[in-house]
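Remarks on the structure that follows.
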Amino acid sequence: DSEASIRQLFLAKGRNWTKAIAVLIGEMEQLPIVTPNLPPAALELASRFWPGALTLIVPRNIHLPALISPLPTIGVRMPNHPFALSLLRQTGPLATTSANLSGQTSPLTARDVINQLDGKVDLILDGGFSPGNQPSTVILCTGHQPMILRAGPVSLEEIQAALE
């Protein structure tokens, strides 16, 4: 909920101001902070694939800073990483992106992050090698039927099976 921190995230990455920033959560109970209404299909997908590589685009809580998304929606995900989950459970939801300069490859190690963001961020946590460099599957969950906006590790077949 810190507009100054969100602004710094855009500046560090050289990110286009019109691109939304996703929010990570550490537990389902944090969802009301991010979204006022989780559509039933989104709830089903979250229950099935979180924590994991699935980002759901849902209605944005109007109390979040407008800078986080130029749209009335927000991307939300629960990562499948023990340290990240522990941190998020303690801090609450965090606006985040991959730890790279906008348009550059996603880093797999802390050294990769340093090579791109050294001097642009205050802290880099080294959690070891990142096992996945494939971005999450992104699903728009605001209409009657969820729609895949970006293919990723969670397949169309898995999504369809979860919603049947």
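How do the pairs read when you match residues in the stretch 63-88 that are under 19 Å from Ser5 (Cα atoms) with residues anywhere that are open to solvent by 70 Å² or more (accessible area, probe 1.4 Å), using Cβ under 7 Å and keeping only pairs 6 or more apart or on different chains?
Correct list of pairs: Leu64/Asp1; Pro65/Asp1; Pro65/Glu3; Leu67/Glu3; Leu67/Arg7; Pro70/Thr18.
Is there any pair linking a residue in the stretch 117-142 that is under 20 Å from Ala20 (Cβ atoms) and at pLDDT 90 or above to one that is open to solvent by 100 Å² or more (accessible area, probe 1.4 Å) and in a helix (DSSP H, G or I), with Cβ under 7 Å and at least six apart or on different chains, and which?
Within 7 Å, no pair qualifies.
Condition first: surrounded by 15 or more Cβ atoms within 10 Å (Cβ to Cβ) and either over 16 Å from Leu9 (Cα atoms) or touching a His at 6+ places or on another chain (Cβ under 7 Å) (or both). Now tell me which residues in the stretch 57-73 satisfy that.
Ile57, Val58, Pro59, Arg60, Asn61, Thr73
Ile114 versus (1) out of contact with any Leu (no Cβ under 6 Å at 6 or more places or on another chain); (2) in contact (Cβ under 8 Å) with a residue 12 or more places away in the chain: which is the lone unmet condition?
Against the list (1) out of contact with any Leu (no Cβ under 6 Å at 6 or more places or on another chain); (2) in contact (Cβ under 8 Å) with a residue 12 or more places away in the chain, Ile114 comes up short only on (2).
Scan the stretch 84-140 for residues that are within 20 Å of Leu67 (Cβ to Cβ), of a type in the set (Gly, Ala, Ser) and open to solvent by less than 50 Å² (accessible area, probe 1.4 Å) and report the count.
Looking only at that region, the number is 4.
Answer yes or no as to whether Ile124 is outside any strand (DSSP E or B) and more than 23 Å from Gly103 (Cα to Cα).
Spelling it out, it is not the case that Ile124 is outside any strand (DSSP E or B) and more than 23 Å from Gly103 (Cα to Cα).
Identify the single condition in (1) at pLDDT below 95; (2) open to solvent by less than 60 Å² (accessible area, probe 1.4 Å) that Val76 does not satisfy, given that it satisfies every other one.
Checking Val76 against (1) at pLDDT below 95; (2) open to solvent by less than 60 Å² (accessible area, probe 1.4 Å), the one that fails is (1).
Which ones in the stretch 142-162 are surrounded by 13 or more Cβ atoms within 10 Å (Cβ to Cβ) and over 18 Å from Gly75 (Cβ atoms)?
Listed by number, the residues that qualify are Glu158, Ala162.
Is it the case, given these coordinates, that Ala46 is of a type in the set (A, V, I, L, M, F, W, C) and in contact with a strand residue (DSSP E or B) (Cβ under 8 Å, 6 or more places away or on another chain)?
yes
The values are calculated or read from the model by the stated rules, or taken from the named source; none is laboratory data. The model shown is predicted, which means the values in this text are computed figures rather than measured ones. Ideal geometry is used to build each Cβ from the backbone, glycine not excepted, and the neighbour counts take in all protein chains shown. Heads up: the accessible areas ignore ligands, DNA and RNA and are worked out on the full protein's heavy atoms, side chains in. Shrake-Rupley method; radii C 1.70, N 1.55, O 1.52, S 1.80 Å.
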